[in-house]
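Report on the following structure.
The values are calculated or read from the model by the stated rules, or taken from the named source; none is laboratory data. Because the structure is predicted, anything quoted here is derived from the model rather than measured. Heads up, the Cβs are rebuilt from the backbone with ideal geometry, glycines too, and the neighbour counts pull from every protein chain shown. Heads up: the accessible areas ignore ligands, DNA and RNA and are worked out on the full protein's heavy atoms, side chains in. Shrake-Rupley method; radii C 1.70, N 1.55, O 1.52, S 1.80 Å.
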Amino acid sequence: MFNPRKSEKKPSDSLLENESLIGFYFQNKIQLTTHRIRYEKSLSGEKFLASIFLDSISMIQIKSKKQFPVLFLGIAFLISYFFLTTEEFEKIRFVLLVVGIGFIVLFFFIDVTLIVIFSKGVGKISLTPLAIRKNKYMEFVNSVELAMYNYNNNYYLKSKDQADNKSGYKKEDFY
């Protein structure tokens, strides 16, 4: 199973009652707990925090897409190479040829992967984990699904016990 990174962060301030930390993922941007998933990032002086409870997750999507602008740039450089045929552009032609071929080769090796976690409402968490092997994406999704499964089963077991005792709250009381 995927071993989440342990962090210097102290999650105890942000944990709810009866909630425990499962781990941090993707350079400590994702915090997975027994009740929710939290995404925190800082960019250019801005802080962003999104939190979705595990029972509110409707879908986790991993999208991978090719960077077609890189291919188009490569083709444009190669077209420029063939149109600049005069002798005064000989040095530039060589650069256009090398850069054009480089962009085309780069196109086949670069794809951007995006992980999107949708809530049942209108919210979502989107992240582009860089410098992380692709097999870790699926392990992360499996960890979230396992946490969701455990959360739902623990809840329903508690609900069954509460129903037998005719006491306590139901999930619907909070919505």
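The figures follow:
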read-out	value
Which listed residue, of Leu73, Leu78, Leu96, Leu114, is at pLDDT below 90 and either part of a helix (DSSP H, G or I) or closer than 30 Å to Lys29 by Cβ (or both)	Leu114
Within the range 24-70, tally of residues that are in contact (Cβ under 8 Å) with a residue 24 or more places away in the chain, assigned to a helix (DSSP H, G or I) and within 30 Å of Val99 (Cβ to Cβ)	2
Any hit, the range 120-136, residues being out of contact with any strand residue (DSSP E or B) (no Cβ under 9 Å at 6 or more places or on another chain) and either surrounded by 13 or more Cβ atoms within 10 Å (Cβ to Cβ) or not in a loop (DSSP other than H, G, I, E, B) (or both)	yes
Single unsatisfied condition, Met148 versus (1) at pLDDT 85 or above; (2) open to solvent by 50 Å² or more (accessible area, probe 1.4 Å)	(2)
Residues being closer than 30 Å to Ser20 by Cβ, open to solvent by less than 50 Å² (accessible area, probe 1.4 Å) and of a type outside the set (A, V, I, L, M) - total across the range 53-82	2
Residues (within 21 Å of Asn135 (Cα to Cα), among the polar types (S, T, N, Q) and surrounded by 20 or more Cβ atoms within 10 Å (Cβ to Cβ)) located in the range 22-52	Gln31
